[in-house]
Every structure is written in structure tokens, then in C-alpha cells.
1. Can you give the accessible area buried between chains A and B, summed over both chains, with a 1.4 Å probe, in Å² to the nearest 100?
2. Arranged from highest to lowest average of other beta-carbon atoms within 10 Å per residue, in what order do the peptides B:3-12, A:101-110, B:66-75 appear?
3. Which one, B:25, B:85, B:97, has the greatest fluctuation when you compute a Gaussian network model over chain B with C-alpha springs under 10 angstrom?
4. What does the accessible area per residue of chain B come to in Å², with a 1.4 Å probe and no ligands, DNA or RNA counted?
5. For chain A, what's the relative contact order in percent, using C-alpha pairs closer than 8 Å and at least 6 residues apart?
6. Considering only protein heavy atoms, what is the solvent-accessible area of residue A:20 at a probe of 1.4 Å, reported in Å² to the nearest 10?
7. What residue among A:12, A:26, A:85 has the largest mean-square fluctuation in a Gaussian network model of chain A, using Cα springs under 10 Å?
8. Project the alpha carbons of the protein assembly as shown onto their principal axes and report the range along each, largest first, in whole Å.
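The values are calculated or read from the model by the stated rules, or taken from the named source; none is laboratory data. The shown structure was predicted, so the numbers you read here are calculated from the model rather than taken from an experiment. Cβ sites come from the backbone with ideal geometry, for glycine too, and all protein chains shown count toward neighbours. Only protein heavy atoms, including side chains, enter the accessible area calculation; ligands, DNA and RNA are left aside. Shrake-Rupley method; radii C 1.70, N 1.55, O 1.52, S 1.80 Å.
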Amino acid sequence: GESVGLHLPTLSVQEGDNSIINCAYSNSASDYFIWYKQESGKGPQFIIDIRSNMDKRQGQRVTVLLNKTVKHLSLQIAATQPGDSAVYFCAENRERNFNKFYFGSGTKLNVKP
Amino acid sequence: NAGVTQTPKFQVLKTGQSMTLQCAQDMNHNSMYWYRQDPGMGLRLIYYSASEGTTDKGEVPNGYNVSRLNKREFSLRLESAAPSQTSVYFCASSTQQGNQPQHFGDGTRLSIL
């Protein structure tokens, strides 16, 4: 989640391997988190969300883990496929009664066939 | 179901020109948002509209104005474009209820010479 200016952190994995993408968030009062996937030339696409009263949530091939103690969020993608190649963003909602998100700078996932 | 539609997709302006970016959503959402995305960075909130008839500043509002035309449409205006406003602009919408995901359009790529 830290800004790295022009250079996105990149994770390269082999097709079929599991991927883990990490994100540090900044506000201990944030109580809702989302992972978005952004393909080249497209807008961010919702993948999975988690509320602060949970520490794990599973979707189809994806799992999000939340560690509130160290303000850390991770996205695990099982059996990574070439179609998973994209930039992944975490977003935290700092407003309890509204949707006002703050986005991390993103991680680029490169899946090698 | 188109979701969030942004027009135009691409635009080149000269410094000092004005421009309005259009956004429309068909999901009956109350809340709409404008973000900018610069290379290697996460999305930054420019302005948002919690509901029809209201607009508020986000993180980076300087140099922009917005209009919530009706429930469906939320436009972003650059009155006197500057090279620093070269960016990709994304519109998003969500329900007004807190802790719900935002849905994004595919962006307007704006270059200011």
C-alpha cells in the first residue's frame, strides 16, 4: 500500500501457482476493505471485500485475510491463471456511514505461462 | 446493463482549454465519485456526490468543478486545463449505504499539452 511513485511493485508467478498480494492500510478506524483488479485500459473491478469484524473471507479462487493488529490486508489467488495478470489495489473505507475509499498504489501481478 | 459509462474515452487538450467529462450510471445508485489515477499511483478522490443535489470535495479538488445533473449523471469540469491535470479520470457509483463497493467506469484518458 505504500506509494512507490512511478514504479509499481511487481509479483511474477508461474501459471498454476498461488499468489499472495499484500497491502498495508493506514487508519485503525477503517472497518471495510475491498480488493480491486484493474486490467490494462479498464476501470477497477471489484474482487472481494471484508469487514473489520472478520479476519478471513473466501470467494471463488480468492481469499482475503485481514490483520487489524498490524493493519495488514492480503489477497490470495489460488491456481493463478494468465487472465489474473493485472494491477491489484486494496481500498479502505474510513467513513462508517458512507463509502469514501482510500486506495493503495497497487501491485502488478504478472502470470507466466 | 451498462453500469457506469464515461465519455469521452480519450481527449487531448491545450493548456488553458476547458473540458467537461461526462459520467452516467444505470444502477440506481445515490452516490457518485470522480477519481484521477496517475502512473504508478492509486486512485485519488477529486469530488463526490453522496446523493442527488449534494457535492463535496475530496483529496485533490483544486482546478476542478462538478455538477450532479440528476441521479444518473455526474460531470467533471476542467475550466482552464493545466499539464498537471494530465491523467486518467475514473467515475464510480455506489449505494449511499455505508460499507458497500464502488463500481467504476473504464475511464477517460486526458492529455494536456
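1. 2100
2. A:101-110, B:66-75, B:3-12
3. Checking each option, the largest mean-square fluctuation is seen for B:97.
4. Normalised by residue count, the accessible surface of chain B is 44 Å².
5. The value is 37 percent.
6. 90
7. A:12
8. 49, 37, 34
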